[in-house]
1. Going through the range B:296-350 one residue at a time, which ones are more than 7 Å from chain C (Cβ to nearest Cβ) and in a loop (DSSP other than H, G, I, E, B)?
2. Being within 19 Å of residue C:186 (Cβ to Cβ) and surrounded by fewer than 18 Cβ atoms within 10 Å (Cβ to Cβ) is the requirement here; does residue C:375 meet it?
3. Scanning for something open to solvent by less than 20 Å² (accessible area, probe 1.4 Å), closer than 21 Å to residue C:194 by Cα and in contact with a strand residue (DSSP E or B) (Cβ under 9 Å, 6 or more places away or on another chain), does the range C:325-341 turn up at least one residue?
4. Could you figure out which of (1) out of contact with any Gly (no Cβ under 6 Å at 6 or more places or on another chain); (2) aromatic (Phe, Trp, Tyr); (3) buried (at least 24 other Cβ atoms within 10 Å of the Cβ) isn't true of residue A:279?
5. Looking at A:530, A:479, A:460, which is the one that is of a type in the set (D, E, K, R), open to solvent by 40 Å² or more (accessible area, probe 1.4 Å) and closer than 21 Å to residue A:430 by Cβ?
6. If residue C:107 passes every condition in (1) more than 20 Å from residue C:20 (Cα to Cα); (2) among the polar types (S, T, N, Q); (3) open to solvent by less than 10 Å² (accessible area, probe 1.4 Å) but one, which one does it miss?
7. Please enumerate the residues belonging to the range C:238-271 that are modelled with pLDDT under 95, facing another protein chain (nearest Cβ under 9 Å) and assigned to a loop (DSSP other than H, G, I, E, B).
8. Filter the range B:264-290 for residues that are over 24 Å from residue C:320 (Cα atoms) and in contact with a strand residue (DSSP E or B) (Cβ under 8 Å, 6 or more places away or on another chain); which is farthest from ligand 4 (Cβ to nearest atom)?
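The values are calculated or read from the model by the stated rules, or taken from the named source; none is laboratory data. Because the structure is predicted, anything quoted here is derived from the model rather than measured. Here the Cβ is made from the backbone with ideal geometry for all residues, glycine too, and neighbour counts use every protein chain on show. Heads up: the accessible areas ignore ligands, DNA and RNA and are worked out on the full protein's heavy atoms, side chains in. Shrake-Rupley method; radii C 1.70, N 1.55, O 1.52, S 1.80 Å.
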Amino acid sequence: MDKQNDTMIKTIIDRYPKKDSAVMPVMQYLQKKNNNRLDDRAVETAAKAIGCSKGKIYGIATYYTMFNTQPVGKYHLQVDTCVPGFLQGADEILAHLEKKLGIKTGETTKDGMFTLSAVQDLGSCATGPVIQVNDRYFENMTVKKTDVLIDALKSGKEPENDPSMTVVSKCNILLNDRTKKDCRTLAFYKGNGGYQSLKKALSMKPDEIVAEVKEAGIRGRGGAGFPAGTKWTFLPKNDSRPVYLICNADEGEPGTFKDRQIMEFNPHLLVEGIAISSFALNAKKSFIYIRGEFDWIADILEAAIEEAKKDGQLNHVDIVVHRGGGSYVCGDETAQIESLEGKRGNPRVKPPFPANFGLYGCPTVVNNVETLSCVPYVIQNGAAAFQKIGVTNNFGPKIFGVSGHVNKPGIFEYPMGTPLKEILEAAGGVKGKMKGVIVGGLSVAILTAKEAEGLNMDYDSCNKAGTALGSGGIMVVNDTVSIPELALRTIEFYHHESCGQCVPCREGSLVIEHKLRDIVEGRGKMEDIDLILHLTKNIKGLTLCPTGEAFAVPIQAMVSKFRPEFEALVKK
Amino acid sequence: MDKKIFIDGREFAIDGTKTVLEIARENGIYIPSLCYLKKLGPASMCRVCVVEVDGIRNLQTSCSLMPTDGMKITTGSPRVIEARKMVVNLLLANGNHNCLICERNGDCELQEAAYNLGIDIPAFVVPEREEKDESAAFIIRDGNKCIQCGRCVEACNRMVVNEVLEMGNRGGHTHVICDNDLPMGASSCVQCGECVQACPVGALYEKKGVGKGRPWEIRKVRTTCPYCGVGCQQELHLKGDQIVRIKGVEGAQPNDGHLCVKGRYGYDFIYSKERLTTPLIKKNGKFEEASWDEALDLVANKFKQIIKESGPDAIAGVSCARSINEDSFYMQKLFRAAIGTNNIDHCART
Amino acid sequence: MTNSFGEFENAKLFFLIGTNMTEAHPVASYYVKRAKLKGAKIIVADPRNQALAKKADIFAQIKVGSDVAFLNGIMNVLINENLYDKKFVEENTEGFEELKATVLKYTPEKAAEISGVSADKIREIARTMAAIKPGMLCYTLGITEHTCGKNNVMSTSNLQILLGNMGMPSAGVNPLRGQNNVQGACDMGALPNVYPGYQAVTDPKNKEKFQKAWGVNNLSDKVGLMIPDMMASLPSKKVRAFYIFGENLARTDPNITHVEHELESAEFLVCNDIFQTETTRFADVIFPAAAWCEDDGTFTSSERRVNRVRKIKDAPGQAMPNWWIFKQLAKRFGHEWPSNSGQEIWDNELSQLAPAYGGIKFNRIEHDGLQWPCPNEEHPGTVFLHKDGKFTRGKGLLKGIEWTPPAEVADAEYPLVLSTGRRLFHYHTRTQTGRSGLDLILKEETADISAADAAKLGVKHGEYVKVSSRRGAVKVRAKVTDEIPEGLVWMSFHFSEGNANWLCNNVFDPETKTAEYKACAVRIDKI
Ligand SMILES: Cc1cc2nc3c(=O)[nH]c(=O)nc-3n(C[C@H](O)[C@H](O)[C@H](O)COP(=O)(O)O)c2cc1C
Ligand code: SF4
Ligand code: SF4
Ligand code: SF4
Ligand code: SF4
Ligand code: FES
């Protein structure tokens, strides 16, 4: 066993340019080997393997949510109660599980079979409620299906997951036909012209590729909308240090579940995008940093990379799939770099920017999955063809995820600039009466139904409407929802996810959470509402990374746009 | 042309080596700071040192801000003050900052910031979170006073490289841990006290100093550690003639503020009740107290007698490798000049 | 030390042999670890896999007492592979051919056989040291406390000279002094062969100089006795009166049974101390002395830095400064010494007599101390010695040195090797640390042994065992640790009972008279 451990650990370490980077994979491996638990012995083994202190391992283990330093049951049931889950009735499932198992959330059944937890966003927003059992997802859960699941688990079986949802692709660039059984294979991908673009790219000069991508004006799909080509040109010229490309597959923003659609069903598109981009940037080693909860998707990616490698597509670059450990903030590019270096995922102060001082202090580009997945199309068809899709300054296809109160939640690949109305119609229309809509993931300002009228879904239009396109995660809120409760869920997420480095975010989110809970639970005072607004106003722009803003903005919007609802609770 | 910046309208030359905070401090402009410790460099975590810079939208942390030519900086605008107040208020709200009974009262960077910002009672209070850790021999940790500035963690890992402290958990639960969250006394901590010296507040303090003296009663005396041959420079904190605590002298050669457990905590022996207080002469196998003259005369006479009978080389002496140079100098002078022998040595090789 | 602590952090390479800084010189170890964080390479040669060994890039776990052979092996590679600094050797040294002749006999294979470090590792060390320059060599008592201590010391200097690692920052041969003021006590002439400032007592010029300064005409030009010879002369009454200032010889010297016998047989024993100790028991007269913090003066650290020591309180009761006691005794011999404080002694006497301190005055060392040589008051002090390869004696001396084994080696009756030293939480015989609360952390001695030996002996961690040598026996708990290789036992001399010196061998280096604290044969029995 120890021998086997040693060889496995060595294999893991060998994947990385620096030993420290292997720390999380080693911990993940040890935890899996050890009944889903990272006990003191495992901590010590990891510390020895990496050559660091126990404190460092423990600090990492407790930073990321997926490491269990305390014992958990054989089946760890994790119900996503974050905003999308909340909108789809996750609370009911959780309550049912408490009753059925006879334990409270956070407890383990006496027989050690089940541990029940409420967790934050799992990236299954249109297929909620979702229960994650150890590292498997069970989506579209109902009370009845929950009973079936528990009974099956009790008898040592695992039922099939049902991830079904509406899938519409108007562009057919990023999404493929997932109804085909072999949709993830190399053969299928190549059959549809896959890897032709890479072939073309390899015959071009790297600078030409960069120029083409810049010309196409692909705006970063990770949320900020920064033009990818421009970012690429920030890499220093004539620098002797290696360049790294990191594909950001952390997909942690509540309401967002787009990247996983590409990775799970069309993995070769991403692999090809990374292969082309790595060639363009002269990156010999690239990483896909995927959120740890998407373990099975990471397996799919690894298989695809293996296939592509065997097919001789990846002679110029080594792509490593790196699983995160459960942390939203690690979606931030500098936190992601820290995490990949084997540390707690605390964002770095900028400047210096990753282009100059990124992974291991080397020039680094971080791009989102969807961004990189646009690259093959651009190279194959040219920047002009890309620009034909979408609207001025906002080109190309965009995957929108629609969740919350619509009749047919799902994912929709539409051109940039498509009216919100059209997308919502494709999603079966609003269930009940719309109270508001969050159009770009949880970190953007909510729009009232009125404000949302006539909105087009592109970066510039959303900005003009006082919100942001963000990740394109659309959450519809109907009039059954209490906005104060929505606000509480929102701040719970950010307080849970705050890395804890800086005071305004760490302590500010705590105070806001307390005050919102007071209000929701009827203990609030009128001053509390003003205090929340005072805090959100000052937190904006004061934090080390954008996370502070990511909750200050939506909370401020909810409180100020729906203030009467808050006041009503206080007066009661 | 010389490069310059403007802080609150005052002009300062810059040479590209100093941050805005450093320039301001050197020129008597007060900017509060909490996570910044000179020898660790900026951490940019507490956000209390923010200033407003013309042309930049967000407030900037002055501890990490390298000025560029012509930069115009405002340190006390209403926006800056409001942000700073919020930061300090948040910290006061989420911990037990009962200054009355805190060992660092009067020598606390949080208290100083609060005082300067005119904050009296925290605007919002959230309950306490942690218990005190008194398990270690010399250091007490009070998590409720901890502001998670990370200075102790950095000091333990980057200054003394003992790699004991880390931050555990995250977000609002972030707290300092020893090893895998053991009580400090059960951890691999060697009680060097580097973390205590780095802490800006009363979250880490010396057990031995508790109740022994307030900062304003303290007299400070620089001296040299009496233990090993590194020769660390100590700053004794005294109330009367009682050592309340010992700190390393920052910026001093050779130790720049660092000490080890012996140098920092090994001082009580001078106050021991077992100290010898009178000359002793052995009579019939028992020590009896004697006057100085009696004892000195006895020794001198015996020595003289032996010199007379057996010559000066029948006397030998061992000096002390722990005592001051001046003592050794006088002892060898006694042996050479007064007694007339070179039979003088010390534990030169241990 | 030829060089300074301040140069540690920027060093590129450390060669640490026989030094466990983490425990004996903790603050120095911080700087080594920081250098490592900045990319420095660390080579550790030590019988114990101690904390810095665990952090080392190359760790050579040498057998106790094999240092000369091991170092010769490294030099063999340097010479054979033409890796040594030819220019430096030609221009600044003499004796190379002699060194070469000796060293060539110590092939890596032969050195490996003696030291237990593989020939490949010896080659790797030599090549690493040749590739990364300059390198800093540091040692402590692991080098000196052997019957071949002086040879060990000379071998370390051979190595650094051969590499040209002399006379520049972050280089040199750096013995870290065990006690706070060993350096100072040497500098002050508390040595039988030299006056203050290393001026030989045998040189008539020096005698004349000191006679004049001290107003006497009876200075002896005969080199005096060293401690072991003094002690050995007690039973025979060759030495009739013995004056011990501050040292607890009854516990710090090897073979306690023997030492106590010697002290007991002293005709007249005088002690200055701050406490009753195991040694003062034998005294006829004890003078109560001022302690640290009770007198103004100076210590000189390992890096030759003269630092101020300050008074914060009076000594208790009638206790007086030690210099005052010596002065009163001198008075009874008819000598009126003028100085009445540490400052007067230093400024008006010592610094006038020892040229290397000529420029050091109390007013110059109010803050940071000054490093000697500091010949005049404008001189900034000397951070590192032998600048540009200019050695004090002219040319640096290389000398061929043969390895000799320790005086007592393991055998069937005493199958284990005992090595001794200091632990982090205590200092010497605990007269100070034992009264400062450090017992809270470490309250008794242990015999540190390997898991392999523990298993062989059937002993568990924490169980009491009997450790015995040809000279005595102690009962201590066993501490089973991965720091210790099979065949080795490690102990300290901090505790009166369980003191390693009950066991240690009272054999000495023929020249330095340093005892072989680092090697003797013992056995362990389960009790
Ligand atoms: C708290 C936080 C979380 C983020 N999460 C993600 C994420 O899950 N996926 C992502 O692609 N970008 C995320 N980002 C944005 C990244 O920092 C970065 O801008 C992006 O990966 C760049 O890729 P792009 O230019 O292709 O969009 C996040 C940013 C912040 C501040
Ligand atoms: S804003 Fe929040 S997440 Fe970002 S660095 Fe600060 S504490 Fe961490
Ligand atoms: S006392 Fe020293 S070793 Fe212990 S935690 Fe503090 S800094 Fe680290
Ligand atoms: S204990 Fe002190 S130094 Fe450490 S994080 Fe807390 S406040 Fe900062
Ligand atoms: S503080 Fe420690 S390292 Fe420094 S001189 Fe004293 S004993 Fe030595
Ligand atoms: S002092 Fe500048 S952010 Fe803390």
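1. B:311
2. On the way: within 19 Å of residue C:186 (Cβ to Cβ): yes; surrounded by fewer than 18 Cβ atoms within 10 Å (Cβ to Cβ): yes.
Taking the combined requirement at face value, the residue satisfies it.
3. yes
4. (3)
5. Numbers: A:530 fails: closer than 21 Å to residue A:430 by Cβ; A:460 fails: closer than 21 Å to residue A:430 by Cβ.
Only one candidate qualifies: A:479.
6. Result: residue C:107 fails condition (3) only.
7. The answer is C:246, C:247, C:253.
8. Pass one, the range B:264-290, residues over 24 Å from residue C:320 (Cα atoms): B:264-265, B:284-285.
With in contact with a strand residue (DSSP E or B) (Cβ under 8 Å, 6 or more places away or on another chain) added as a condition, the list becomes B:264-265.
Working: B:264: 16, B:265: 18 Å.
Step by step, filter the range B:264-290, then rank; the result is B:265.
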